[in-house]
Amino acid sequence: MYPRININLKKLKENCILMKDLAKNNGIDFIMPVVKVVAGDIKVANVFIEAGFDILCDSRLKNLKLYSSLPVKKLLLRLPALSQIKDVITYSDMSLNSEIKTVIALDIEAKRQNKKHEIIFMFDLGDLREGIFYKDEYLEDIKQIIKLENIVFKGIGTNLTCYGGVVPSKKILQRLVEIKKNIEMTFDMKLEIISGGNSSSVFLFGKDEIPSEINSLRIGEAIFFGKETAYSTLISGLNHTIFTLEAEIIECKTKPSFPDGEMSINSFGEKVEIEDKGLMKRAILAIGKQDVQLNNIFPIDNRISIIGGSSDHLIMDITDTDYKLGDIIEFEVNYPGLLHLMNSPYIKRNYK
Ligand SMILES: *Cc1c(COP(=O)(O)O)cnc(C)c1O
């Protein structure tokens, strides 16, 4: 039964619908929901479909493959690797790209499979992850893309606040708008999608900072956790605790809080600072660093705290509580915590 992650599908659906409305009110017509954090979970994916989304985005083909039977488009977020072109065409309808050589390879394979593959070409507006650097020459690449018969050039996009921590603003997004205008003018065409980033761009909602040309965002964390990610502010009206973790106490004893003997390093090769607080009521829980990094989970009962752990054990200070052997402790989790927990085969999933 334990450890398990509780997943509130009803609250998640509410967030999907609220986020879609919120985006619409801010000139964003197409929200592309990013579900990579749930590692291919079908029940979660279905919630997005019930909420009316017609596309699912993931960074891993293996997850998109699990969604094969779902009646929506699939978008591959991470740039395709040349070694996986066949699977990209098989399991995704659309991908983000920044290398013309890769786009040409996708065209050849799409032809072979008798398919059309849609692409969004990525521009780096200064955050320094994927995309052509916005000051560099790109028209030659676009010219080639347009000629490819089995590639549909849907639009352009950017990704912010991922490597360099660059925060979206009207000034930064205007760089993408200039590129859009230049492409449309040069090739006498209209781009359908101008994808202005991820959950960090949600920070601009209500501020009149999103250029009207930006009509799409790719959003994960803001839907799953109800917060923007530029400054981690909670979005009012959305649910913030859709996922919780539960783990079981397998030892409950009062012991000294300071180790008794000569001290070196712990099982992870770290030297830990331990404060002597005298006798302490302590609990060991059956979960560990193999499942989640312990600084990404937060006990809901504020009388208790995590004091350490190893691969398979979590040690907590439960002084002044009456927790006992066999009791279940519940935690809130953050996005990286959820990502690891959903990827651990040792964590059960309990849908509500
Ligand atoms: C993960 C990812 C997103 C979504 O990021 P969130 O911060 O969860 O909204 C968007 N675009 C790309 C390319 C991604 O890899």
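Readers should treat all values here as calculations from the given coordinates under stated rules, not as data from a laboratory. Note that the coordinates shown come from a computational prediction; the quantities given were computed from them, not determined experimentally. Cβ: placed from backbone, ideal geometry, glycine included. Neighbour counts: every protein chain shown.
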Label points 7 Å out from Cα along the Cβ direction at Ser212 and Asn343: separation in nm? 4.3 nm
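Considering all alpha-carbon pairs of the chain, what whole percent are spaced by more than 39 angstrom?
Numbers: 15914 of 61776 pairs.
Considering the chain, 26 percent of its Cα-Cα pairs are separated by more than 39 Å.
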What does the helix-only formula give at 222 nm for the chain: each DSSP H stretch with n ≥ 4 adding -39500 (n - 2.57), the total divided by the residues, and the result rounded to the nearest 500 deg cm²/dmol? -7500 deg cm²/dmol
7 Å from Cα along Cα→Cβ at both Ile17 and Asp29: what's the point-to-point distance in nm? 2.4 nm
Size of charge dipole - the chain - debye, nearest 20, with Cβ of Lys, Arg +1 and Asp, Glu -1, no other charges: 960 debye
For the stretch 106-184, what Kirkwood radius comes out of the mean inverse Cα-Cα distance, in Å? 13.6 Å
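Using 23 Å as the Cα-Cα cut-off, could you pick out the over-long pairs in Lys13/Lys36; Lys111/Lys147; Lys62/Lys190; Lys143/Lys181?
Lys62/Lys190
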The chain - percent relative contact order, Cα under 8 Å, separation 6 or more: 19 percent
24 Å Cα-Cα threshold exceeded, pairs from Lys24/Lys171; Lys65/Lys115; Lys227/Lys271: Lys227/Lys271
For Tyr335, placing the label point 7 angstrom along Cα-to-beta-carbon and taking the stretch 202-218, residues whose amide nitrogen sits under 11 Å are 202-203
Can you order the peptides 145-152, 96-103, 120-127 by their average number of other Cβ atoms within 10 Å per residue, highest first? 120-127, 96-103, 145-152
Spherically averaged projected area in nm², based on the convex hull that wraps the Cα atoms of the stretch 1-51: 4.1 nm²
Percent antiparallel among DSSP beta bridges confined to the chain, rounded to 5, stands at 45 percent
In terms of modelled amide H atoms, which long-range or inter-chain residues lie less than 5 Å from the amide H of Gly197? Thr158, Arg218
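How big is the charge dipole of the stretch 1-100 about its Cα centre, in debye rounded to the nearest 20, if each Lys and Arg gets +1 on its Cβ and each Asp and Glu gets -1 on its Cβ? Please report the intermediate quantities before stating the final value.
Working: 15 positive and 10 negative charges, 74 e Å.
It works out to roughly 360 debye.
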Check the straight Cα-Cα distances from Lys277 and name the lysines below 20 Å, setting aside those fewer than 8 residues away within the same chain. Lys253, Lys255
Compactness summary of the stretch 122-241: radius of gyration and Dmax from Cα atoms, Å, are 15.3, 48
Karplus ³J(HN,Hα) for the stretch 70-75 (6.51 cos²θ - 1.76 cosθ + 1.60, θ = phi - 60°; Hz, whole; x = Gly/Pro) runs 6, x, 9, 5, 10, 10
How do 189-201, 277-289, 318-330, 250-262 rank on mean C-beta neighbours within 10 Å, highest first? 189-201, 277-289, 318-330, 250-262
Inter-probe distance in nm under a simple model that places probes 7 Å from Cα toward Cβ, at Glu99 and Cys162: 1.5 nm
Hey, could you get me the Stokes-Einstein D for the stretch 285-352, Kirkwood radius over alpha-carbon pairs, 4 °C and 1.567 mPa s, rounded to whole µm² s⁻¹? 103 µm²/s
